[in-house]
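Asker: The structure's right below; bear with me while I get my questions together.
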Amino acid sequence: MAEQLATGSRRALRPALPLLLPAYLWLTVAIFLPLSAMVFFSFMTDLPLAGKEWAFTLGNYAAFFSQSLYSKLLFASLRLGLEVTLWCVVIGYPAAYVLAKVLKGRSREAIFLLVILPFWSNGLVRIFSWAMVLREGGILDTTLNAVLPSKINIDLMYSYPAVIIGLVHSYVPYMVLTCYLTLQAIDDSLIEAGRSLGASRLQVLKRVIIPLSMPGLIAGAALIFVPVVGSFMEPRILGGRTGTFYGTVIEDQFVAVFNWPLGAALSFILLAVVLVILGLAAPVLRRAG
Amino acid sequence: MAGVQVANVSRSFGAHKALDDVSIDFPDGGFYALLGPSGSGKTTLLRQIAGFDFPDTGRIAIGGESVERVPVEKRRIGMVFQNYALFPNMSVADNVAFGLSVRGEPKGTIATEVQRALDLVQLGKLGGRRPHQLSGGQRQRVALARAIVTKPRVLLLDEPLGALDKALRVDMQIELKRIQREIGITTIFVTHDQEEALTMSDRIGILRDGRLVQEGPPEEIYDKPQSEFAATFLGDANIFRGDATGNGIRLPDGTTIAAGSGPSLAAGAKASCAVRPERIQISTGAGTSEAGYANTLRGQVSKRIFAGNNSTYFVDRDGQTLKVIVQNTGAERLAEGQEVILRWSPESTVLIAA
Ligand SMILES: Nc1ncnc2c1ncn2[C@@H]1O[C@H](COP(=O)(O)OP(=O)(O)O)[C@@H](O)[C@H]1O
Ligand SMILES: [Mg+2]
């Protein structure tokens, strides 16, 4: 029976191949080609443009290990990624829970829209809006001073918290969506069964709901952690001078210093480190779930 | 163990009254079936007793203790859901252990109790499996073991056998009844299957549109239904409508039907009579009738359905089709189209107020 099904699906796959071809072609052109070009660049002394001399070298990779600045920045970026991911869990998971299990009908749709809205707005607009809110004499400062009796100065602009706020705001919808999907798939009768067996709401959350929504948490964390570690826009605009991270250094190599080979090498080191971290973390997290 | 008292409970959802002034006394240690069509409020009533939902008005007591303000987890009930609701992230044994472990029982106690519960439902060897590796019937048994391992005061089951196929359902009915007897737990069993209600329970409560229509032992409801709905929902019945005469009714064509039981009604009031199909004797009129079969009607067989051990005759008379079930005794069978005489006793006839 199972064998029959397997051969059946294999037979069904063959007519589908021409249909899949454009997708594979697109993947090759859009991802594989540029990526292999970058791999190529990362082993060069200079860009092969305008007749410049170039040769193969491992120097770009060696630079990462010879200058402690890069590994320090990478460490800072990893920490940033971890912190932003944690905040996204803290904010996104309860929001997803309320969306999936508490709200019904119209109010659910309305809140859902509010969660998705940042997705649809331009990233730069979003970040500059935060700049208006966080700077001295900005919206947050003015509002707090209007409410509080004594004069205080709030200027979060160009600080580490500002970077965190901006990044969390950009990425929290991923966590809400992935967690919402897994939470919604959990039948309410499981929660009721737990309660009827004598478990408090908190015990049901710990023993049933969180373990069952672990796939959503892991997916959300991966979707957030990876781009945040390489992020440069939020750190640069909201962090100012404190906003130097691994991602901003890579960006500098491409747009300011024009040292593409070094930028490419640094990118691949980041990719390798992130993949190793995800590879190590996934089984641990899954076992926790 | 404890009985459950539901007194004058009402619950509305918006303008819709899901429960309308329902009062039922569920006896200690009894097996009580809540029977009713879909949407009649069975689940809603069960949820009030469990504490998943709260009545607008009325009182609920378990073991004499009022539970209106007691949350689910403190009511000490066991619940079996129609979809089983097993925790997919846990093994069978961990599912069963859940109730004991949230209470903080020692590990050793949990292990013995879980094994005993699994043995009781005859799944002693499957503790290590995951729920998705079990068949429907096995999942149902795990759900039952999980619900009773905590020694609840009341066992609540919401159409627990509804998702099983016929043969398995009959097995599980017997099994469930055996387990219930063995531990003697007060059981409230929701079903829309009248046969299940009849065969399993000590008492039946029939719900319709959120109201309790009738309640009592199965035999009593079957033999003495108090409404046309009760008569036709629990078993089959032929219903005659007419005017009350004092000891029965007069049909529009003048025929009188004598009833042996029912309320005393003023003569002339609108009333019905109910007769079970198996209580009616059918003959061509040639033979003699048994004494005491005072109710007589003439008709014509319009259809016969042979079912092996019995035959069902549909007999047309005066615009009405009556149903008669005859045991297969080897006697002569009647053909479709044949003129027949139907006879039955007043004792088999119940008078019902309209
Ligand atoms: N949470 C709810 N919100 C709105 N209406 C409900 C809710 N629960 C039940 N009802 C309504 O109450 C009535 C009784 O439902 P239910 O108790 O589930 O019936 P049964 O279990 O007998 O099929 C139905 O008409 C149903 O639509
Ligand atoms: Mg129901």
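Asker: Using per-residue counts of other Cβ atoms within 10 Å, averaged over each peptide, order A:188-194, A:42-48 from highest down. All intermediate terms of the calculation are to be shown ahead of the outcome.
Answerer: Values: A:188-194: 20.0, A:42-48: 15.7.
Those peptides, ordered most packed to least, come out A:188-194, A:42-48.
Asker: Given the range A:19-144 reduced to its alpha-carbon atoms as identical point scatterers, what log10 I(q)/I(0) does the Debye formula return at q = 0.10 Å⁻¹?
Answerer: Once normalised to I(0) and log-transformed, intensities are -0.74.
Asker: Still on this structure, I have one more. Taking every pair of distinct Cα atoms and averaging 1/r, then inverting, what Kirkwood hydrodynamic radius in Å comes out for the range A:134-289?
Answerer: 19.0
Asker: Now a separate question. Can you give me the convex hull volume of the Cα atoms of chain A, divided per residue and expressed in Å³?
Answerer: Output value, Cα hull per residue: 236 Å³.
Asker: Relative contact order, percent, of chain A when contacts are C-alpha pairs under 8 Å separated by at least 6 residues?
Answerer: The value is 25 percent.
Asker: Picking from B:185, B:18, B:143, whose Cα lies most toward the positive end of the charge dipole for chain B (charges on Cβ: Lys, Arg +1; Asp, Glu -1)?
Answerer: In chain B, that residue is B:143.
Asker: What is the ratio of the Cα radius of gyration of the range A:94-163 to 2.2 N^0.38 Å, where N is its residue count, to two decimals?
Answerer: Output field value: 1.48.
Asker: How would you rank B:105-114, B:250-259, highest first, on the average number of other Cβ atoms within 10 Å across their residues?
Answerer: B:250-259, B:105-114
Asker: Using θ = phi - 60° and the Karplus form 6.51 cos²θ - 1.76 cosθ + 1.60, what ³J(HN,Hα) does each residue of the range B:307-313 get, whole Hz, x for Gly and Pro?
Answerer: The phi angles translate into 10, x, 7, 8, 10, 9, 9 Hz.
Asker: Using unit Cβ charges (K, R positive; D, E negative) and no other charged atoms, how large, in debye to the nearest 20, is the dipole of the range B:155-272 about its Cα centre? Numbers along the way, then the final one.
Answerer: Numbers: 12 positive and 19 negative charges, 75 e Å.
Rounded to the nearest 20 debye, it is 360 debye.
Asker: Can you list the HN-Hα couplings for the range A:245-258, worked out from phi with the Karplus curve (6.51, -1.76, 1.60; θ = phi - 60°), rounded to whole Hz and with x for Gly and Pro?
Answerer: Taking θ as phi minus 60°, the curve returns 10, 4, x, 5, 5, 4, 4, 4, 4, 7, 9, 10, 8, 6 Hz for the range A:245-258.
Asker: Still on this structure, I have one more. I'd like the mean, over residues of B:50-58, of how many other protein chain beta carbons sit within 10 Å of each residue's own Cβ.
Answerer: The shielding value for this peptide is 1.
Asker: Then there is this: What does the structure give for A:209-219 when I average, per residue, the other chain Cβ atoms found within 10 Å of the residue Cβ?
Answerer: Across A:209-219, the average partner-chain Cβ count within 10 Å equals 1.
Asker: Can you pull the one-decimal nm distance between simple spin-label points at residue A:31 and residue A:124, each 7 Å off the Cα toward Cβ?
Answerer: Placing both labels 7 Å along Cα→Cβ, they lie 2.8 nm apart.
Asker: How large is Rg/Rh for the protein assembly as shown, to two decimals, with Cα atoms and a Kirkwood Rh?
Answerer: Values: Rg = 36.9 Å, Rh = 31.7 Å.
With Rg and the Kirkwood Rh in hand, the quotient comes to 1.17.
Asker: Further question: Please report Rg (one decimal) and Dmax (integer) in Å for the Cα set of the range B:4-223.
Answerer: Cα radius of gyration and Dmax of the range B:4-223 are 17.2, 52 Å respectively.
Asker: If r is the Cβ-Cβ distance from residue A:21 to residue A:258 and R0 is 45 Å, what FRET efficiency results, to the nearest 0.05?
Answerer: The formula returns an efficiency of 0.75 here.
Asker: Which whole-number value in Å³ per residue fits the convex hull of the alpha carbons of the range B:92-141?
Answerer: Hull volume normalised by residue count: 67 Å³.
Asker: Still on this structure, I have one more. Between the range A:87-149 and the range B:82-112, how far is it from one alpha carbon centroid to the other, in angstrom?
Answerer: Using only Cα atoms to place each centre, the spacing works out to 40 Å.
Asker: OK, next. What's the magnitude of the charge dipole for the range A:70-162 around its Cα centre, counting Lys and Arg as +1 and Asp and Glu as -1 at the beta-carbon? Answer in Debye, nearest 20.
Answerer: That gives the range A:70-162 a dipole magnitude of about 320 debye.
Asker: Antiparallel DSSP bridges in the protein assembly as shown: what percent, to the nearest 5?
Answerer: 75
Asker: Still on this structure, please answer the following. Does a label point 7 Å from the Cα of residue A:276, set along Cα-to-beta-carbon, have any residues of the range A:205-226 with amide nitrogen under 17 Å, and which are they?
Answerer: Answer for the range A:205-226: A:226.
Asker: Give me D for the range B:33-140 in µm² s⁻¹, whole number, from Stokes-Einstein with Rh from the Kirkwood sum over alpha-carbon pairs, 25 °C and 0.890 mPa s. Could the numbers behind the result be given before it?
Answerer: Numbers: Rh = 16.1 Å.
Translational D for this selection: 152 µm²/s.
Asker: Sticking with this structure for a sec: For residue B:23 and residue A:112, FRET efficiency with R0 = 41 Å and r from the beta-carbon atoms, rounded to 0.05?
Answerer: 0.40
Asker: Could you work out the equivalent-ellipsoid semi-axes for the range B:236-353, taking the square root of 5 times each eigenvalue of the Cα gyration tensor, largest first, in whole Å?
Answerer: 26, 14, 13
Asker: Calculate, in nm to one decimal, what residue B:167 and residue B:209 gain on full extension: separation in residues at 0.36 nm each, minus their alpha carbon distance.
Answerer: 12.0 nm
Asker: Report, ordered by chain and residue number, the lysines lying within cross-link reach of residue B:323, taken as a straight Cα distance under 29 Å and ignoring same-chain residues fewer than 8 apart.
Answerer: Output for residue B:323: B:166, B:224, B:270, B:303.
Asker: To the nearest 20 Debye, how big is the dipole of the protein assembly as shown about its Cα centre, given +1 on the beta carbon of each Lys and Arg and -1 on that of each Asp and Glu?
Answerer: The calculation lands at about 1140 debye.
Asker: Sticking with this one: Quick one: which of B:221-232, B:302-313 comes out on top by average Cβ neighbours within 10 Å, and what's the full order, highest first?
Answerer: B:221-232, B:302-313
Asker: May I ask you to work out the translational diffusion coefficient for the range B:302-349 at 10 °C, viscosity 1.306 mPa s, via Stokes-Einstein with Rh from the Kirkwood sum over Cα pairs, reported in whole µm²/s? Please report the intermediate quantities before stating the final value.
Answerer: Working: Rh = 11.8 Å.
Reported coefficient: 135 µm²/s.
Asker: OK, next. For chain B, which DSSP H helices look membrane-span-like by this rule: Cα extent along the axis of 15 Å or more and mean Kyte-Doolittle of at least -1.0?
Answerer: Going by DSSP H runs, the hits are B:92-102, B:107-120, B:136-148, B:166-183.
Asker: If we count other beta carbons within 10 Å of each Cβ, what is the order of A:169, B:132, fewest first?
Answerer: Numbers: A:169 19, B:132 8.
Least to most surrounded, the residues fall as B:132, A:169.
Asker: Which whole number gives the average, over all residues in B:74-85, of C-beta atoms from other chains lying within 10 Å of the residue C-beta?
Answerer: Counting Cβ atoms of other protein chains within 10 Å of each residue's Cβ and averaging gives 4.
Values quoted throughout were computed directly from the atomic coordinates according to the rules given, and no laboratory measurement underlies them. Computed from a prediction, not measured in an experiment: that's the story for all the values here. Cβ atoms come from the backbone with ideal geometry, glycine included; neighbour counts cover every protein chain shown.
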